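A short write-up of the structure that comes next.
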Amino acid sequence: EIQDGTVVIKNIAREAGSRTKMAVCSTNEDVDAVGSCVGKNGERVKRIVSELCDEQIDVIEWSDNSVRLIKNALSPARVLEIEVDEDERKARVIVSDDQLSLAIGKAGQNVRLAAKLTNYGIDIKSESQINNEAEFDTEEEPDNTDYESDANEE
């Protein structure tokens with residue numbers, strides 16, 4: 001399907017020897033692009049994985065909708081909400097607390113590859129982090145505070 005142009009590889013993000021994310025789409029609405037790349041019982045992708053010394057390959061569906069594309073790129077994590085700034089090419093993603101480590105990935109690999117694949121800066125927060133930020137924003141601060149926050153040093 002790739003050879004005859006039915007399935008198109010839109011973008012690839014790769015950390016050689018470790019993991020690849022590949023976004024694909026179909027030029028024929030009756031053809032499942034991801035399924036075509038993975039193959040029956042994963043046979044097509046398994047052959048490539050074995051050739052690449054067991055490098056993991058995530059095949060995702062491409063979308064021209066940036067929210068949908070980012071959501072797909074962060075799989076296997078389940079995303080609750082995405083806010084996108086198209087001009088700055090940045091996205092703020094909210095996931096449930098139990099999905100945070102999956103969304104970020106080992107040593108940040110999942111989010112890093114998703115950012116490369118989508119060409120968006122991606123900031124991931126859990127629900128509890130968002131709730132804590134909201135509580136902090138609503139607290140009244142003393143009048144004479146003069147300090148710099150170290151909030152970015154997580």
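The values are calculated or read from the model by the stated rules, or taken from the named source; none is laboratory data. Note that the structure is a prediction, hence the values are computed from the model and not measured. Every residue, glycine as well, gets a Cβ built from its backbone with ideal geometry; the counts of neighbours run over all protein chains shown.
Restricting the first residue to the stretch 83-101 and requiring it to be free of Cβ contacts under 8 Å to residues at least 60 places away in the same chain, which pairs with a second residue that is basic (Lys, Arg) and in a strand (DSSP E or B) meet a Cβ separation below 6 Å and a spacing of at least six or different chains?
GLU83/ARG92; ILE94/LYS125
Please specify each residue of the stretch 84-112 satisfying the condition of being outside any helix (DSSP H, G or I), closer than 20 Å to ILE12 by Cα and charged (D, E, K, R). I'd like the intermediate steps shown before the answer.
Residues of the stretch 84-112 that are outside any helix (DSSP H, G or I), as a first pass: 84-96, 105.
Now drop any that are not closer than 20 Å to ILE12 by Cα, which leaves 89-91, 105.
Correct list: ARG89, LYS90.
Do we have any residue at all in the stretch 61-72 that's under 16 Å from ALA13 (Cα atoms), surrounded by 13 or more Cβ atoms within 10 Å (Cβ to Cβ), at pLDDT below 95 and of a type in the set (Ser, Thr, Tyr)?
no
If I filter the stretch 1-48 down to residues being farther than 18 Å from SER75 by Cα and β-branched (Val, Ile, Thr), which single residue comes out as nearest to the chain's Cα centre (by Cα)?
VAL8
From (1) within 13 Å of the chain's Cα centre (by Cα); (2) part of a loop (DSSP other than H, G, I, E, B); (3) acidic (Asp, Glu), pick out the condition that doesn't hold for GLU81.
The failed condition is (2).
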